[in-house]
Every structure is written in structure tokens, then in C-alpha cells.
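Visitor: Before I ask anything, here is the structure I am working with.
The values are calculated or read from the model by the stated rules, or taken from the named source; none is laboratory data. No experiment lies behind these values; they were computed from the predicted model shown. Every residue, glycine as well, gets a Cβ built from its backbone with ideal geometry; the counts of neighbours run over all protein chains shown. The accessibility values were calculated without ligands, DNA or RNA, using every heavy atom of the protein model including side chains. Shrake-Rupley method; radii C 1.70, N 1.55, O 1.52, S 1.80 Å.
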Amino acid sequence: MKRFLRTTAALAITGLALTACGFGGKDEASGDSKTVSLLVPSYSTGTKALWEGIIADFQAKNQGITVNLEIQSWDNINDVIRTKVQANSAPDILNIDAFSGFAADDLLYPASEVLSPETLTDFQDSFAKNASIDGTMYGLPMIASARTLFYNQDVFTRAGVAKPPATWQELYDAAQKIKGLNAGVYGYGMPLGSEEAQAETSIWVFGNGGSWNEGDKITANSPRNLEAVQFMKRMIDAGLTQPDPGASDRTPMLDVFIQGKIAMAVGLPPTVGQIAQKNPSLKYGTAPIPTRDGQPMTLGVADHLMAFKNDGSKRQAVKAFLDHFFSAEVYKKFVDTEGFLPTTRSGAEALKDKKEIASFLQVLPGARFYPSTNSRWAATQGAIQSQIGQIGQGKDPQAVLSDIQAKADA
């Protein structure tokens, strides 16, 4: 089963290595400027073969440069990289989600030093900005996830909803019509349980032009955020969501949508495959997520490549490999095979005709992100996950956001 993108900074977790393999040459501790070490996680059962093919092709075109591949499980890779860094044996290239801690410790090359200008400017602006700290890009956006609205076409037809809603008011009105069917179908799935309450809440916050931070300061209780959470509560209080959203996690909620018992829900690219597997007869459509003013927006998540400086001797070899990886055909194959979304303009163009991800690609340039480079985001996210669901139990949104802000400021 594929491991899709993580949504928070790297976690301190333990486990056993999945697999590891080498492509000749010396190990990562070597000072050989032509030997590059690459540490990556396993996204699927095909990850190892995919990387091996990329490396073999690169080495055939770049005689004298050797790439040593190491693959770890997601349960283990953060412990592995922590140990390597502490032992002064960091890999030359690493693939995980979070990069800001390494950048803060001055361990990483800026992207401009390990990518050609052509590769650097190919990244979608939103992803490049999310991979930057104080205007300097350190993470290399590698693969992405985004969200879009899934809707039940049969239910829409029965309820007289002519088209997917683009604004909050249209969403509210459509859900009211669906409720009026009295057919045991909930209008909108709002998962505010601990699994991913920060994602659902962010969709509403960002859809109102809000944000979780201003510079270094967390701004959970800002006026725009409050307006968003008040509208969420309005939906709940009107009976337009599933019962007790605070006890609903995203995964089981999407299963209820797939079963035809929820008419609208925000889903991810893997949701397409889950529908095909679990209920292929479901007639559904996808559309941009409704926002207050109808302007397209999506919640974006990205994993990154990053290049460690180490002794500084391998920059040219690292640059050659990274430019090879992000070249149009190589990158397209990696993203498509693993079932992700591209972070580059050329990748989006190459995959634009792939029906399953078309609606995601449409909103990708406008992706908004968690403030994962903010040191207080982890505490903020935890507070959102544990407390935002209280709005479904009658608690005032202002009080809930104030409590979340207090946790962020503690």
C-alpha cells in the first residue's frame, strides 16, 4: 500500500529498515567527489526498482559518477537520518518531508547551488515558496498531494443541484437541498477527528484568505480564521454534515462517501483508486474546493529532496544527478508510477491529460500550505487536532481558537 505524503514535520519514530541496496563505489562516508549517497523512503513496493532504473540511466550518461542508494521505511527514516547527521555521515541527497531543521543548522545547500537555472525555475511558484526560508529555497519540491471536492452525481441530480458549488453559500445551499431529500445522505463530510482535523480546518481557513501564521507568529485566532470556523459551525448546527464531526476521522468519512451516504467531501488523489476498488459503480465528479469568494484554492503537501553540504566536494556530482531526476521524462515517470502529483510546470504539462488527476492539477498552482517551517506549528497542529471538533459539541468558535492560540504561545 502506498504511503502518501506526510503533513507535518519529521516525527521522532522508531522501526526497522525496510531494505537497503548499494550501486557500487564507496559508502557515504567516502570523500570521493564522484560518489553520491542517496537516502530515500519507500513509497510503494515499486520504489526500489524505480530508483534503480533512474540511477542506472544516470550512471550510463555520466561516466565516473556513482550513486549509492539506501532505502528505509517511513517508520525508520527519520531515526536513520538523525543518527547519520549526529555521526557526521549525512547522505549527499535525502528524500523526506521536512527540511527546515537541517537548513537552520546550515547543513544544506541552497537550491540555486545544486540545480540548473532551468530546473530551478520549473517549480510551481507555490511549491518553491513553501520550500524556502527567508527567501532562500533549500527544499527541492519532489512530489505533491492536493485536495479537491468529490461529489455524488446521482444525489445531486435527485436533489436538483445543477453544478458543484464554488462558494461557501453555494455549498450550504446544495447541502440543504440534499438534506431535504430525507434519503439518509449527509450533505457534506467534515472530518474534525484527530486523524487530520488540521487539514479540514485549514481548507476552510485558507478558503477565507486566512492563515495560521504571520511571519514567526502563530495567528490561530485571527479574524479571518474565526469567520471560517464560524461558518463550519453554521454547517454543523444546520445538520448539513455527518453527525458529531469531532469524532469523525478522514479515512472512515471518505469510506462513507464512497458508500454513497455522504454527497460531498474533500478527497485526495488516492481517493480515485479507492472508489474504483470499493464502489466502482459510484457516479461521482470532482471540482475545486468551495471557498468564500469562489476563487480556486487547495491544501498542498509536499515531500522534498535536499542536498547536504558535507565536505563540499560533491556539489557538481549532486547537481548533475538532481538535474537528471527533475528532467521532464525521468520526473514524469517517477511521479506517475508512484501515483503522486508533480511540483513542476513541465510535469503538470506532461500529465495534464491524465483524467484521474486533472482536477488536482487544475488547482495545484494555487496551493496553500501548513507553516511547517514555524517552530510552533507542531504544537498548534496538535491543538487543532484535539480541540477544533468541540465546535460540533456547542463550544463557541472564538473560545476554541483562543484555546488553540494559547497552546501555540505556551
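Visitor: How about region 351-406: which of its residues are among the charged types (D, E, K, R), at pLDDT 95 or above and part of a helix (DSSP H, G or I)?
Guide: Answer for region 351-406, where residues must be among the charged types (D, E, K, R), at pLDDT 95 or above and part of a helix (DSSP H, G or I): just Asp403.
Visitor: Continuing with this model, one more query. Might you let me know whether region 74-96 holds any residue that is surrounded by fewer than 23 Cβ atoms within 10 Å (Cβ to Cβ), closer than 27 Å to Val363 by Cα, at pLDDT below 95 and in contact with a Ser or Thr (Cβ under 9 Å, 6 or more places away or on another chain)?
Guide: Scanning region 74-96 turns up no residue that is surrounded by fewer than 23 Cβ atoms within 10 Å (Cβ to Cβ), closer than 27 Å to Val363 by Cα, at pLDDT below 95 and in contact with a Ser or Thr (Cβ under 9 Å, 6 or more places away or on another chain).
Visitor: Mind listing whichever residues of region 209-237 are under 18 Å from Met297 (Cα atoms) and open to solvent by less than 10 Å² (accessible area, probe 1.4 Å)?
Guide: Gly210, Trp212, Asn225, Ala228, Val229, Met232
Visitor: Can you tell me how many residues in region 133-166 are among the polar types (S, T, N, Q) and open to solvent by 30 Å² or more (accessible area, probe 1.4 Å)?
Guide: Residues that pass the stated criteria total 3.
Visitor: List every residue pair whose Cβ atoms lie under 6 Å apart, where the two residues are 6 or more positions apart in sequence or sit on different chains, the first residue falls within region 330-350 and is assigned to a helix (DSSP H, G or I), and the second residue, located anywhere, is of a type in the set (Phe, Trp, Tyr).
Guide: So the pair list comes out as Glu338/Tyr43; Gly347/Tyr331.
Visitor: Find the residue count for region 110-121, including only residues that are surrounded by 22 or more Cβ atoms within 10 Å (Cβ to Cβ) and either in a loop (DSSP other than H, G, I, E, B) or acidic (Asp, Glu) (or both).
Guide: So the count comes out to 2.
Visitor: Now for a separate question. Please state which of the following conditions Thr337 fails to meet, knowing it meets all the rest: (1) touching a Leu at 6+ places or on another chain (Cβ under 7 Å); (2) of a type outside the set (A, V, I, L, M); (3) open to solvent by 40 Å² or more (accessible area, probe 1.4 Å); (4) at pLDDT 95 or above.
Guide: Going through (1) touching a Leu at 6+ places or on another chain (Cβ under 7 Å); (2) of a type outside the set (A, V, I, L, M); (3) open to solvent by 40 Å² or more (accessible area, probe 1.4 Å); (4) at pLDDT 95 or above one by one, Thr337 breaks only (4).
Visitor: Let me spell it out: the conditions are (1) in contact (Cβ under 8 Å) with a residue 12 or more places away in the chain; (2) open to solvent by less than 70 Å² (accessible area, probe 1.4 Å), and Ala276 meets all of them except one. Which number is the exception?
Guide: Only one criterion is unmet by Ala276, namely (1).
Visitor: Looking only at region 173-200, count every residue that is open to solvent by less than 60 Å² (accessible area, probe 1.4 Å) and assigned to a helix (DSSP H, G or I) and tell me the total.
Guide: Final tally of qualifying residues: 7.
Visitor: What are the residues in region 36-55 that are open to solvent by 20 Å² or more (accessible area, probe 1.4 Å), in contact (Cβ under 8 Å) with a residue 24 or more places away in the chain and of a type outside the set (S, T, N, Q), if any?
Guide: Scanning region 36-55 gives Gly46, Lys48, Glu52.
Visitor: Mind checking which residues of region 83-129 are of a type in the set (Val, Ile, Thr) and closer than 26 Å to Lys48 by Cβ?
Guide: Once the filter is applied, which keeps residues that are of a type in the set (Val, Ile, Thr) and closer than 26 Å to Lys48 by Cβ, region 83-129 yields Thr83, Val85, Ile93, Ile96, Val114, Thr119.
Visitor: What residue, of Glu200, Glu214, is within 22 Å of the chain's Cα centre (by Cα) and at pLDDT below 95?
Guide: After applying the criteria, what remains is Glu214.
Visitor: If you check every pair at least six apart or on different chains, which have Cβ atoms under 6 Å apart with a residue in region 173-186 that is closer than 15 Å to Pro243 by Cα first and a residue that is surrounded by 20 or more Cβ atoms within 10 Å (Cβ to Cβ) and aromatic (Phe, Trp, Tyr) second?
Guide: If the second residue must be surrounded by 20 or more Cβ atoms within 10 Å (Cβ to Cβ) and aromatic (Phe, Trp, Tyr), the pairs left are Ala175/Tyr188.
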